[in-house]
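Taking it in order: structure first as structure tokens, then the write-up.
Read the figures in this text as sums done on the coordinates, not as results from a lab. Since the structure is predicted, the reported quantities are computational estimates derived from the model, not experimental observations. Glycine gets a Cβ as well: all are built from the backbone with ideal geometry, and neighbour counts include every protein chain shown.
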Amino acid sequence: MTPTGAVHEALAALELVDHHCHGAVTADLTFHEFESLLTEGESWPGVSPFDSPVGIAVRRHSAPLLDLPRHAPPDAYVARRAELGWQEVNRRFLSAAGVGTFCVDTGYTPQPITSPAQLARAAGAVACEVVRLEQLAEAVAARGVEAGEYPAVLRAAAEEAVRRPGVVAVKSVAAYRTGFALDPRRPADAEVTDAAARWLATGGRLTDPVLVRHLLWTAVDLGLPLQLHTGFGDADVRLHRADPALLTDWLHRVAGTVPVLLLHCWPYQRQAAYLAAVFEGVYLDVGLALHHTGPARARAVLEEALEITPFRKLLYSSDAYGVAEFHHLGALCFRHGLAELLQGRVDADELTLTDALRIASWTGRDNARRIYGPPVSEPARVPRGRPTRKV
């Protein structure tokens, strides 16, 4: 892939803000372990995640950063990863991503992964934290709390969490727990207490619709940007309930309060674009859809997201988790797809080059800086020394 044109050059040089991602694993991976992290689903006998768009993209675009030929066979690829060791693998891919700031969701840790500080050191970048609300509520319940005290204790725990240095946003995974077809009203105190009594008596994950609504309204009260998982995820999500358009009535109620950032969105990027076009405080990204569809389709996904989205409303995120290849691939697919889209419009005289370069900077970096503020708006504090991209 040898992209040409001023927009390609500008995006290749742009230090991105990855406004939503996770850590990378801190262990060497077996072949099966690596395969399992390539997919949001499961691995089945005779069906390898390497034989998927993202698996092909890894072999094509990640292999050269491990000093392997493009399209290296899967067994050779995983063996080379093990030979280099996880620290060096993470350093190569994270630095090659060309990201200046990572906003890291610290609430999903099914296996040991890098902390935000470790991620930043490996990349030569800055890392901020995004607090996951459901995990916070479950921690409050695990410590022991009376149902009548739950709202106040949760609020105090949330306020303490967001005061930690480097916290720039909160996140909800309501899409996984209940879906978005929720009563949009703020629940009354008595409703929250009754729901808390039921939940605390049985334990387990927070899935009560009243308590999930309470978390969303708590996020509004905290005053920080609120990230919401929408659309594509693992098998735990019921995709038809994760359509962001189901949030319309709630968005009317919270208009003028906090920025609401719709994460990932696929296959609902057009619905998310509509919401961003009609609500002042709504923003979106297409997240992991880019590396899961690969460079060949990144432009198409971004074109649908940008059909009606104001250019100040689209952000970049990778949603990378586990394998640092995804931090790199997400950035690569975003740069390539957006450059192809914008350069095509310049060539067709639908955009001036000046406008295209402005939109590229807004989307890849400046929109996130404007929404999250410091420390996202600070420059990277560690020399990058990133390897040359071999694409």
Between region 308-346 and region 348-374, the alpha-carbon center distance in angstrom = 12
request  = Calculate one ³J(HN,Hα) per residue across region 220-237 by plugging θ = phi - 60° into the Karplus curve 6.51 cos²θ - 1.76 cosθ + 1.60, and present them in order as whole Hz with x for glycine and proline.
outcome  = 4, 5, 5, x, 8, x, 10, 8, 10, 5, 9, x, 3, x, 7, 5, 6, 8
query = Which of the peptides 101-111, 147-157, 320-330, 132-142 is most tightly packed, and how do the rest follow, judged by the mean count of other Cβ atoms within 10 Å per residue?
reply = 320-330, 101-111, 132-142, 147-157
ask   = Could you give the nm distance between label points at Ala255 and Thr109, where each point is 7 Å from its Cα heading toward the beta carbon?
value = 4.0
ask   = How long is the gain from Ala76 to Ala190 if the chain were fully straight, where each residue apart is worth 0.36 nm and the alpha carbon distance is subtracted?
value = 35.1 nm
ask   = Length gain on complete extension for the stretch Arg370 to Glu9, per 0.36 nm per residue less the alpha carbon to alpha carbon distance?
value = 127.6 nm
remark   = Classified through the alpha carbon gyration tensor (a ≥ b ≥ c as square roots of its eigenvalues; rounded if a/c is under 1.5, else prolate when a/b is larger than b/c, else oblate), region 265-383 comes out rounded
key: Length gained when the stretch Asp349-Arg270 is fully extended (0.36 nm per residue, less Cα-Cα span)   = 26.0 nm
task = Quick one: check the C-alpha center-to-center distance for region 50-68 versus region 101-161, whole angstrom.
result = 32
request  = Tell me which label goes with the value of mean projected area of the Cα convex hull in nm² computed from the coordinates here: (i) 24.5; (ii) 18.5; (iii) 20.4.
outcome  = (ii)
task = Mark the label point 7 Å from the Cα of Ala27 along Cα→Cβ and return the residues of region 107-128 whose backbone N is within less than 13 Å of it.
result = 110-114
task = Mind sorting Lys313, Lys171 by how few other Cβ atoms lie within 10 Å of their own Cβ, fewest first?
result = Lys171, Lys313
request  = Counting only C-alpha contacts under 8 Å and six or more residues apart, can you give the relative contact order of region 29-84 as a whole percent?
outcome  = 31
request  = Compute the Cα gyration tensor for region 1-115, then decide on rounded, prolate or oblate, letting a ≥ b ≥ c be the square roots of its eigenvalues: rounded whenever a/c is under 1.5, prolate when a/b is larger than b/c in the other cases, and oblate in all that remain.
outcome  = oblate
inquiry  = Tell me the angle of helix 325-347 to the major Cα principal axis of the chain, expressed in degrees between 0 and 90 and rounded to the nearest ten.
reply    = 70
